[in-house]
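Novice: Structure in structure tokens, see below.
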Amino acid sequence: MRHLLVGLLTISLAACTSLQSTEHAAEYSHTPSEAPLWQTLDRIHPDNWHLLLNDGPSALDWRLFAIDSATEEIELQTFIWYLDTVGLRVMDHLVQAADRGVKVRLLVDDSFMLKQDSELLILEQHPNIEYRIFNPYKHRSGNYALRTLENLTEYRRLDHRMHNKLMVVDNQVAIVGGRNLADEYFGLADNFNFRDMELLVGGPIVDELSHSFDDYWNNEWAFPAHEITHANRRTISLDALAQQAQAASEVHREPHDFHRENSPDQLQERWQLAVTAAANGETTLYVDAPPQGNPADVDNAPVQVANELVALFDDAEREVLIIAAYLIPTPQLEGVVQRAIDRGVDVRILTNSIRSNNHLAAHSAYSNHIRALMSAGVDLHEVRVDARDRHLHMLSPIEDKLLALHAKALVIDNDKVFIGSANLDPRSLRINTEIGLLVQSPQLNSLVREAITHDFSEANAWHLQLDDKGHIVWVSEDTRLTQQPADSLLQRLEDWWFALLPIEGEL
């Protein structure tokens, strides 16, 4: 008993001290590389170009291919990085790039780094790799409950997370969108995979993306990893990580042939084919400013992306298609949707169903808005976990695999597309920082429309309708339900309970 009291007292005393922001000499991205490969692409397409990364396996392939094409610098910013098959393979290719002399800068949010400090810190042993953790927990316990308790007094600061996902290669090409670095975002998980979406881009917009990375890298809450952890960096070596990555690559070698080593000529040929076929367009970066001072301060609310999205809605003339993994309309969002419908704009939304949503509390909060959305005139659809065409987003066999939605995209009229990291919920719109690209391009608009057509079909999504008595029904191609398509009565009860709780503003 005495040891327990001493332990609790130690935790209490530790929790009373707050992490102070850091300060380091500013570092900035290189100017766009003038390597022969990139000069060739610039001649083919000197303006902004865009490739839609619509399925997970191909998105991983292009990510590894881009890393292997680097000659000078790679900047990677992400919310989640798990050391599973995808995480290890990305890490291995980054280390190989560093071995070639490429400067690699890695910036990862601290939300999901539990028990990963030792492995990720090993990267700092490489002279060409720098690793920073954004808005970190001061106390690094490997137990989630204990870590939360130890950092309880800093909850308001830690509630603000960096949700941005960005990779920039040689300041020439970049990937922006919704995918974290983990198997389920690339269709490699054994039982549960996400339908997600990204853009691979080139052109002048990439320099703006690099500057965005610099803003976060040089922020006072971006800590060099070794400064905020006491993990033993000798527990694993770079060679051991390489062996783990090789073992991981063997697991999913077939049926998808992920990027293998290519000659310079093969690299150039593939890039040339891709850029020649890419969609052109006018590209605008939407990005939240990183915090200046304590992230908990009201003046630091990251609302820049939210405000841009509101303006985008208000400019819509005919149609808005919304792909939103987590949909919890704020009053501001409800207002802009209502204004659009009032002026004759068609609004169609695809979001997660109760079974496909991996955050039940988020679904519960959304369910409180379903009737209001439908009454306003929104055409609402929810992803089926057993979607007929789920094979498009994951590796076979798919018989026992479920599908969920993680993409964040808007299709506006016939000429605009927005793809990024921002959900349409309070957390993305005013708590977490986000990033995305607005592309004015009839060509890309058409490509995205074609890519999401199957997502809205009743073979892949529930179509919510009102029956003759005004009750909500869930309709698919072969089923009509008068209750949510839940796993069980218990899931419905949990959903009902969470919907009563006053937590919507934090979701």
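Novice: What is the local net charge at Ile205, summed over the other residues whose Cβ is closer than 11 Å to its Cβ (Lys, Arg +1; Asp, Glu -1)? Don't jump to the answer; show the numbers that get you there.
Specialist: Details: positive: none; negative: Asp47, Asp207, Glu208, Glu282.
Charge balance near Ile205 sits at -4.
Novice: What FRET efficiency comes out for the pair Glu450/Asp207, r = Cβ-Cβ distance, R0 = 22 Å, nearest 0.05?
Specialist: 0.15
Novice: Now a separate question. Cβ under 14 Å from Phe192's Cβ, Phe192 left aside: what net charge do those residues give with Lys, Arg +1 and Asp, Glu -1?
Specialist: On the way: positive: Arg195, Arg355, Arg384, Arg390, Lys401; negative: Asp84, Asp183, Glu184, Asp190, Asp196, Asp386, Glu399, Asp400, Asp487.
Counting the neighbours of Phe192, the net charge comes to -4.
Novice: Above 23 Å lies some portion of the pair distances; for region 100-208, what is it as a whole percent of all C-alpha pairs? Mind showing how you got there, number by number?
Specialist: On the way: 2658 of 5886 pairs.
That tail contains 45 percent of the Cα-Cα pairs.
Novice: Would you grab the residues whose amide H sits under 5 Å from the one on Leu402? Only those 5+ places off in sequence or on another chain, please, with H modelled 1.01 Å from N.
Specialist: Under 5 Å from the amide H of Leu402 lie the amide H atoms of Phe192, Asn193, each far enough along the sequence or on another chain.
Novice: Which entries of Lys408/Lys469; Lys103/Lys165; Lys401/Lys469; Lys103/Lys416; Lys165/Lys401 have Cα-Cα distances beyond 29 Å here? It would help to have the intermediate numbers written out before the result.
Specialist: Values: Lys408/Lys469 33 Å; Lys103/Lys165 19 Å; Lys401/Lys469 36 Å; Lys103/Lys416 35 Å; Lys165/Lys401 26 Å.
Pairs exceeding 29 Å: Lys408/Lys469; Lys401/Lys469; Lys103/Lys416.
Novice: Run the quick spin-label model on Asp297 and Asn414: label points 7 Å from Cα toward the beta carbon, then report their separation in nm to one decimal.
Specialist: 4.9
Novice: Apply the Karplus parameterisation 6.51 cos²θ - 1.76 cosθ + 1.60, with θ equal to phi minus 60°, to every residue of region 475-482 and state each ³J(HN,Hα) to the nearest whole Hz, in sequence, with x for glycine and proline.
Specialist: My calculation for region 475-482 gives 10, 10, 5, 9, 9, 9, 10, 9 Hz in order.
Novice: While we're looking at this one, here's another question. Please give the calculated 222 nm ellipticity per residue for the chain, where each DSSP H segment of at least 4 residues contributes -39500 (n - 2.57) and the sum is spread over every residue; nearest 500 deg cm²/dmol?
Specialist: -10500 deg cm²/dmol
Novice: Send over the Kirkwood Rh of the chain, from the inverse of the averaged 1/r over different Cα pairs, rounded to one decimal Å. Write down the numbers at each step before the final one.
Specialist: On the way: mean 1/r = 0.0420 Å⁻¹.
Radius from the Kirkwood sum: 23.8 Å.
Novice: Provide the FRET efficiency to the nearest 0.05 for the Asp342-Ala35 pair, computing r from the beta carbons and using R0 = 56 Å. Write out the running numbers ahead of the final one.
Specialist: Working: r = 52 Å, r/R0 = 0.93.
Efficiency at R0 = 56 Å is approximately 0.60.
Novice: Please give the residues of region 150-190, grouped as numeric ranges, whose backbone N is less than 20 Å from a label point set 7 Å along the Cα-to-Cβ vector of Gln272.
Specialist: So the set is 172-173.
Novice: Right, another one. Based on Cβ point charges of +1 for Lys and Arg and -1 for Asp and Glu, what charge dipole magnitude is obtained for region 311-441 about its Cα centre, in debye rounded to the nearest 20? Don't skip to the answer; put the middle values down first.
Specialist: Working: 14 positive and 17 negative charges, 68 e Å.
With Lys and Arg at +1 and Asp and Glu at -1, about 320 debye.
Novice: Find how much the distance from Glu27 to Asp47 grows on full extension, using 0.36 nm per residue of separation minus their present alpha carbon separation; answer in nm with one decimal. It would help to have the intermediate numbers written out before the result.
Specialist: On the way: separation 20, 0.36 × 20 = 7.20 nm, distance 2.70 nm.
Stretched fully, the Glu27-Asp47 segment lengthens by 4.5 nm.
Novice: Semi-axes of region 454-507's equivalent ellipsoid from the Cα gyration tensor, sqrt of 5 times each eigenvalue, largest first, rounded to whole Å?
Specialist: Values: eigenvalues 117, 40, 32 Å².
Each semi-axis is √(5λ); the values are 24, 14, 13 Å.
Novice: How much length is gained on full extension from His471 to His226, taking 0.36 nm per residue of separation minus their Cα-Cα distance? Walk me through the numbers on the way to the answer.
Specialist: Details: separation 245, 0.36 × 245 = 88.20 nm, distance 5.66 nm.
Stretched out fully, the His471 to His226 stretch lengthens by 82.5 nm.
Novice: State the extension gain, in nm to one decimal, for the chain segment bounded by Asp99 and Asn262, taking 0.36 nm per residue of separation less the distance between their alpha-carbons. Numbers along the way, then the final one.
Specialist: Working: separation 163, 0.36 × 163 = 58.68 nm, distance 1.65 nm.
57.0 nm is the gain from fully extending Asp99 to Asn262.
Novice: Moving on. Spin-label point model (7 Å from Cα, Cβ direction): what's the Asp214 to Arg492 distance in nm?
Specialist: Here the answer is 5.7 nm between the modelled labels.
Novice: Pull up the DSSP beta bridges for the chain and report the antiparallel fraction as a percent, rounded to 5. Can you show the working numbers first?
Specialist: Numbers: 52 of 81 bridges.
Of the beta bridges lying entirely in the chain, close to 65 percent run antiparallel.
Novice: For Arg388 and Gln304, what is the calculated FRET efficiency with R₀ set at 56 Å and r taken between the beta-carbons, to the nearest 0.05?
Specialist: 0.90
Novice: If the cut-off is a Cα-Cα distance under 17 Å, which lysines reach Lys115, setting aside same-chain residues fewer than 8 apart in sequence?
Specialist: Result set, ordered by chain and number: Lys138.
Novice: How large is the charge dipole for the chain, taken about the Cα centre, if only the Cβ atoms of Lys, Arg (+1) and Asp, Glu (-1) carry charge, to the nearest 20 debye?
Specialist: Value, rounded to 20: 1240 debye.
Novice: Quantify, in whole percent, the carbon and sulfur part of the accessible surface of the chain (1.4 Å probe; protein heavy atoms only).
Specialist: Details: 10940 of 20980 Å².
It is 52 percent, rounded to a whole number.
Novice: Grab the eigenvalues of the alpha-carbon gyration tensor for region 388-486, scale each by 5, take roots, and send me the semi-axes largest first in whole angstrom.
Specialist: Details: eigenvalues 146, 74, 56 Å².
Semi-axes (√(5λ), whole Å): 27, 19, 17.
Novice: Give the accessible surface of the chain per residue, rounded to a whole number of Å², with probe radius 1.4 Å and ligands, DNA and RNA excluded. All intermediate terms of the calculation are to be shown ahead of the outcome.
Specialist: Numbers: 20980 Å² over 507 residues.
Ligands and nucleic acids excluded, the result is 41 Å² per residue.
Novice: What is the sum of charges around Ala451, taking Lys and Arg as +1, Asp and Glu as -1, for the other residues whose C-beta is under 11 Å from the C-beta of Ala451?
Specialist: -1
The values are calculated or read from the model by the stated rules, or taken from the named source; none is laboratory data. All of these numbers come straight from a predicted model, not from anything done at the bench. Heads up, the Cβs are rebuilt from the backbone with ideal geometry, glycines too, and the neighbour counts pull from every protein chain shown. Heavy atoms of the whole protein, side chains included, go into the accessibility calculation; ligands, DNA and RNA do not. Shrake-Rupley method; radii C 1.70, N 1.55, O 1.52, S 1.80 Å.
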